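Read the structure below first, then the notes.
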Amino acid sequence: MTLTGKSGARGAMLEEDPDQTYENVLAEIQSFELPIEATLRSVYDDQPNAHKKFMEKLDACIRNHDKEIEKMCNFHHQGFVDAITELLKVRTDAEKLKVQVTDTNRRFQDAGKEVIVQTEDIIRCRIQQRNITTVVEKLQLCLPVLEMYSKLKEQMSAKRYYSALKTMEQLENVYFPRVSQYRFCQLMIENLPKLREDIKEISMSDLKDFLESIRKHSDKIGETAMKQAQQQKTFSVALQKQNNVKFGKNMYINDRIPEERNEIVLKQTFEEEDASEEEVLTVQDLVDFSPVYRCLHIYSVLGDEETFENYYRKQRKKQARLVLQPQSNMHETVDGYRRYFTQIVGFFVVEDHILHVTQGLVTRAYTDELWNMALSKIIAVLRAHSSYCTDPDLVLELKNLIVIFADTLQGYGFPVNRLFDLLFEIRDQYNETLLKKWAAVFRDIFEEDNYSPIPVVNEEEYKIVISKFPFQDPDLEKQSFPKKFPMSQSVPRIYIQVKEFIYASLQFSESLHRSSTEIDDMLRKSTNLLLTRTLNSCLLNLIRKPHIGLTELVQIIINTTHLEQACKYLEDFITNITNISQETVHTTRLYGLSTFKDARHAAEGEIYTKLNQKIDEFVQLADYDWTMSEPDGRASGYLMDLINFLRSIFQVFTHLPGKVAQTACMSACQHLSTSLMQMLLDNELKQISMGAIQQFNLDVIQCELFASSEPVPGFQGDTLQLAFIDLRQLLDLFMVWDWSTYLADYGQPASKYLRVNPNTALTLLEKMKDTNKKNNIFAQFRKNDRDKQKLIETVMKQLRSLVNGMSQHT
């Protein structure tokens, strides 16, 4: 039954018999079967006076229990009193018994003391005898163990770790089994693994110190190795030069390095080689490898050789990455590159030594893998940093370092072909830096040139010039001093600088393990780049400069002609260096012809342009009075000045090739004729009188006289005068007023005024008509003037019809 059910039933019982119900509630409270709160709630929730009645029943129940407790205590009280009384009686007898037992024990103890003493002495003596015998036997068994362990301690103190490991093996295999039952033996056995770990840690610490040491001294190791390789190579080259003196002479022709200097260089080389042989340092002299050997032996004895190998290789790979990491400013100085190379060489020299003196610590496959990784990194670093180099001397020193670096490592068996491939990339960059350097040199030469023929006053000065530049002219040789070379000072200087460029390019090609044919091809290609790109660009920029005048342009054309002729001597110069004949099929030719031809064409075009600009300047000075009634009777002053200027300029052109001078003269006359025609037809010119036409005719006559005077030789007949034929026919038409002939013969091949365009004639005629209207106000009252005006109008109508017909035809 649930609590709710019990509460409901109890409520019903209260209504029937309250006293019985309270008794049941008290019984439930005393039994602790149900929660009290549920029982009490049933009492208080049923009737209004239930609390008071329940408390009365509860007090009655408490009084009944108190009475029962009192009865029980009264019942047992007498038994408790009797027990206490009996204990008090026994107490006296117990004390007497204790005194008797104590007395008896004392007497027995006194009686057996002497016997006990004697017995104990006998026992002690026998035990001592037995212990002595046992100790002697055990000591004889333990002494060798202790002696070996003491030896082990001494070896550990003396850092003889390999011997200590061997002693440990003897202890474990021979001595410890004999005394394994003793505690000290167990302690020793337990201590041996710790000693082994200590030895491993100590040897590993020594190895770490060794690795740190070689990391710090790898640059010194590499420097020594590279120096030895360089000395060996220098000695070989010196022997080769001594055995091939002819090649040595050809390397420095034109007294660049005298034969005496070659002998001095060879002598110094042999002296340095003898001095270096006195003390040849090896990697063993610079590095103590004993920590590696010792650690390898220790780990081999401990059976953990693989762990040591893995650790060594892992640490060396980390060091390799550090060594291969360049400094950010490495490209600024050659010392930065040298330090980088020496560290790498030192690293791989050590690895090569470890490979050959240890078995299995490093393998050839491991070193090859490490080298390939390093080589890729080296090439990437050099490719990146060399791109920042703008100084050809620094690039050349870098090339020499790479060659020594490659030769050194090749001597240790490492493949270096990719490094020489990289050198070809750097060679292109070197050529670019050379081209930039020589561009500045050429610009300085052009800036310093006076663009005048080179004067010489005596034989010595003459020889100095021809020693610098291969100039041959029998006519000039026959002339007496003082005399002048046709070219200016820049020509021999440029020729010398081109040879210097070839020398500089040759310096990079040396020691690249290439054949003479390949070197010859390199020199010719780089020289072609110098001529076609650098020198040509400098010449074109020079020609386009505003301050370069006509005289300078003429001299530039003369200079390029002589430089072009000198290209064959440059080819001979390269042939003498490389000993490769120019008749070889694959020999590259120098492109001097095209280079200087382009420069000459540019200079010629600039001459034509500047000459026309000068003509325009003179024409702009023209100040015609277009309304004058009568001409001045002489040519205009600006035109005479222009003709005098042209005469003086064309006299300078006598040193130019005939075709150039003729083209310039024809171009100038044509431009002058066009400018004069444009002046007549200018839209801003609204009126023009017959007197102005006559004055203009005098100027054109002077132009024709100038053309007929043959200012430049070589023209056939009146070819130059034809430049003014358009002006002449136009002016003749207006001067003689022969319109009937013009109109009648228009379009005929044999027409006297074939070059007169109807539109041009109409334009000029309209300007004259306006002038006549303005100046002849009373012309309508004179019959002749009226007839002339009508004639002009009639001619203009016919000209317009011709112009319209031309337009429709077009």
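Among the residues making up the stretch 163-178, a single one is open to solvent by less than 60 Å² (accessible area, probe 1.4 Å) and in contact (Cβ under 8 Å) with a residue 40 or more places away in the chain: LEU165.
The set of residues in the stretch 276-305 that are at pLDDT below 80 and assigned to a helix (DSSP H, G or I) comprises SER276, GLU277, GLU278, VAL283, GLN284, ASP285, LEU286. Residues considered: GLN343, GLN410. Of these, the only one that is free of Cβ contacts under 8 Å to residues at least 40 places away in the same chain and either of a type outside the set (A, V, I, L, M, F, W, C) or outside the structural domain of SER537 (by the TED database) (or both) is GLN410. From the residues in the stretch 687-720 that are acidic (Asp, Glu) and part of a helix (DSSP H, G or I), which one is most open to solvent (accessible area, probe 1.4 Å)? Filtering the stretch 687-720 for residues that are acidic (Asp, Glu) and part of a helix (DSSP H, G or I), the one most open to solvent (accessible area, probe 1.4 Å) comes out as GLU704. Count of the stretch 462-473 residues, restricted to those that are open to solvent by less than 30 Å² (accessible area, probe 1.4 Å) and either free of Cβ contacts under 8 Å to residues at least 24 places away in the same chain or in a helix (DSSP H, G or I) (or both), is 2. For the stretch 395-419, the set of residues classified as of a type outside the set (Val, Ile, Thr) and open to solvent by less than 20 Å² (accessible area, probe 1.4 Å) consists of LEU398, LYS399, LEU401, PHE405, ALA406, LEU409, PHE414, LEU419, listed by residue number. If you check LEU476, LEU553, LEU535 for being in contact with a strand residue (DSSP E or B) (Cβ under 7 Å, 6 or more places away or on another chain) and open to solvent by less than 10 Å² (accessible area, probe 1.4 Å), only one passes: LEU476. Screening ALA164 against (1) more than 60 Å from the chain's Cα centre (by Cα); (2) at pLDDT below 90 leaves a single unmet condition, (1).
The values are calculated or read from the model by the stated rules, or taken from the named source; none is laboratory data. Only a predicted model underlies this, so the values are computations on that prediction, with no experimental measurement involved. Note that each Cβ is placed from the backbone with ideal geometry, even for glycine, and that neighbours are counted across all protein chains shown. Surface areas here come from the heavy atoms of the whole protein model, side chains and all, with no ligands, DNA or RNA. Shrake-Rupley method; radii C 1.70, N 1.55, O 1.52, S 1.80 Å.
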